[in-house]
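All remarks here apply to the structure that follows.
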Amino acid sequence: MTVSRAPRGALALLASTQLLLILDTAIVNVALPSIGEDLGSGSTGLSWVANAYLITFGGLLLLGGRVADLLGHRRLFLGGLGLLAAASAVGALAPNAAALVAARAVQGVGAALAAAAAFALLLVLFPEGPGRHRALGAFAAMGGLGGVLGTVLGGVLTDVLGWRSTFWLNVVVAALLGALAPRVLDAGTGGARHGRGFDLAGALTATGGLGLIAYALVGGAENGWLSAATLGAGGAGLALLAGFAVIETRTAVPLVPPAVLARPSLRLANALSGLAQMTLFPMFFLVSLYLQSVLGHDPLGGGLGLLPLSLVVVAVAPQTGRLIFRIGLTRTMTLGFALLCAGTLWLALALTADGSFFSTVLAPSLLLGVALPLVMVTTNVAATAEVAPEETGLASGLVNTSQQFGSVLGLAILVAVAAARTESATAAAQTTGFRAALLLGATFAAAATLLSVRLRLPAPATAPPRQDRAGDPAASQTRGE
């Protein structure tokens with residue numbers, strides 16, 4: 001597939017989709033208290049308004065990526081956006097919490113399909129090299145901006161128009177993106193493996209296993225890590241994934257070919273993507289809580305407190321490709337993780353019960369704003385560097401799944417640590433809990449820093465220069481040194 005008519009328009013469309021998906025998660029979190037008051041739902045019911053989305057989103061990313069390879073990237077992209085818009089409309093009209101949770105679960109399905117297809121489209125549109133680095137930088141910038149815009153818009157829309165308006169916003173934006181897609185994306189996006197069948201058993205076991213593990217992770221902190229529900233779901237999920245591994249070695253058309261997972265650089269890059277999110281995603285959540293529950297900001301103020309970080313992300317992300325060209329992929333990645341570790345550690349040590357935004361959060365958040373795009377762009381580059389055209393959806397599903405499960409796992413662990421170290425509701429006790437959680441997050445980043453040094457991408461096969469847009473000096477820098 002090509003997008004010769006409007007490559008920039010296609011990138012803007014795909015990056016805007018990333019913005020929508022990140023924004024949706026943040027915006028609903030802000031609206032939860034108003035949802036509970038309006039629908040008469042308690043804290044448990046409210047938590048599943050968020051969790052239902054996370055479970056289906058995380059569980060279906062891998063399947064969505066492979067289906068994109070089979071059925072066509074643009075087709076699945078449009079289908080995912082359409083499903084997201086329809087489910088958002090149902091959520092906006094939901095008469096009770098149960099209906100809203102069901103709508104959120106379907107939203108997660110649509111988001112998984114749209115996210116996997118959007119990332120696969122980006123890989124097809126921008127071959128390996130500086131162009132792809134710039135495109136991934138745009139994705140990183142939109143992700144960082146989406147978290148803050150979601151928090152700010154969530155507060156404004158909920159206060160002015162009510163919580164249902166946050167769902168109608170999804171409908172409008174998804175419909176707009178869907179209407180623009182045929183104008184900037186070619187129709188020639190048919191899958192490369194039509195007629196070879198589909199690994200139904202692998203799809204069912206992988207999706208079921210990932211969904212159950214997501215359920216165990218998001219419910220563990222709430223129900224207890226040793227509760228029957230958590231242990232049962234986790235055990236069943238692991239059993240299904242073990243069955244999936246066996247199926248993949250025996251089927252003629254595996255969902256995830258074992259040869260793909262046998263690539264050391266791909267495995268390490270996906271592990272690093274997960275570790276990055278285990279630090280980054282909970283950090284946003286914990287900083288917002290600290291600003292509101294300890295420093296006394298309202299939800300809108302808590303969201304605006306993350307605005308400087310997001311502005312730095314937007315400024316740095318487009319420059320990440322140039323840094324990769326100058327010092328190489330591996331060194332850029334290691335630098336990003338080192339800055340992530342330093343920024344998270346600085347933030348943890350700066351928190352005080354009687355501080356202010358300017359004395360505790362601002363300076364370390366600016367450093368984290370530099371680290372975020374360096375980490376996100378380089379891990380995505382490494383995770384997709386060896387991808388063949390027929391594997392773009394698969395690579396998209398793998399890296400998106402790694403990031404999603406890193407986010408869910410990191411949030412579950414760090415929130416549990418914060419709760420365990422918080423002995424009372426006082427500002428000092430809450431600060432102690434937040435500090436402990438962020439110190440653990442810095443430990444994850446430190447581990448990723450050490451692991452990133454080991455990354456080595458294989459040299460590309462010899463080919464005429466014209467066949468490889470990335471085969472110039474700029475591209476050679478992406479191989480690590």
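The values are calculated or read from the model by the stated rules, or taken from the named source; none is laboratory data. Only a predicted model underlies this, so the values are computations on that prediction, with no experimental measurement involved. Note that each Cβ is placed from the backbone with ideal geometry, even for glycine, and that neighbours are counted across all protein chains shown. With ligands, DNA and RNA removed, areas are computed over all heavy atoms of the protein, side chains included. Shrake-Rupley method; radii C 1.70, N 1.55, O 1.52, S 1.80 Å.
Along each principal axis, taking the top coordinate minus the bottom one, the Cα set of the range 46-145 gives 49, 31, 20 Å in descending order. Relative to one another, the C-alpha centroids of the range 266-335 and the range 97-112 are positioned 27 Å apart. Dividing the mean sequence gap of close Cα pairs (under 8 Å, 6+ apart) by how many residues the chain holds gives a relative contact order of 23 percent.
For the range 272-318, the Kirkwood hydrodynamic radius from C-alpha pairs, put into Stokes-Einstein at 20 °C and a viscosity of 1.002 mPa s, yields a diffusion coefficient of 184 µm² per second. Computed with a 1.4 Å probe over protein heavy atoms only, the accessible surface of the range 311-375 comes to 40 Å² per residue. The mean accessible area for residues of the range 122-164, using a 1.4 Å probe and ignoring ligands and nucleic acids, is 33 Å² per residue. Expressed as a whole percent, the accessible surface of the chain that belongs to carbon and sulfur atoms is 67, based on a 1.4 Å probe. Shown here for the range 386-443: GluC sites (Glu not before Pro) in loop regions (DSSP other than H, G, I, E, B) with at most 12 other Cβ atoms within 10 Å, namely 423.
Applying D = kT/(6 pi eta Rh) to the chain, where Rh is the Kirkwood radius over alpha-carbon pairs, T corresponds to 25 °C and eta to 0.890 mPa s, the Stokes-Einstein value obtained is 109 µm²/s. For the range 63-206, count all C-alpha to C-alpha pairs, find those more than 20 Å apart, and express that count as a whole percent of the total. Counting pairs separated by more than 20 Å, the tail of P(r) holds 57 percent. Once divided by 2.2 N^0.38 Å, the Cα radius of gyration of the range 321-429 becomes 1.36. Dipole magnitude for the range 116-250: computed about the Cα centre from +1 point charges on Lys and Arg Cβ and -1 point charges on Asp and Glu Cβ, it is near 300 debye. Each of 202, 40, 130 was scored by the projection of its Cα onto the charge dipole of the chain, and the greatest displacement toward the positive side belongs to 130; charges sit on the C-beta of Lys, Arg, Asp and Glu.
Averaged per residue, the range 4-101 has 35 square angstrom of accessible surface, using a 1.4 angstrom probe with ligands and nucleic acids left out.
When the convex hull of its Cα atoms is viewed from all sides, the range 265-387 shows a mean projected area of 7.5 nm².
Per residue, the chain reaches -26500 deg cm²/dmol at 222 nm when only DSSP H runs of four or more residues are counted, each adding -39500 (n - 2.57).
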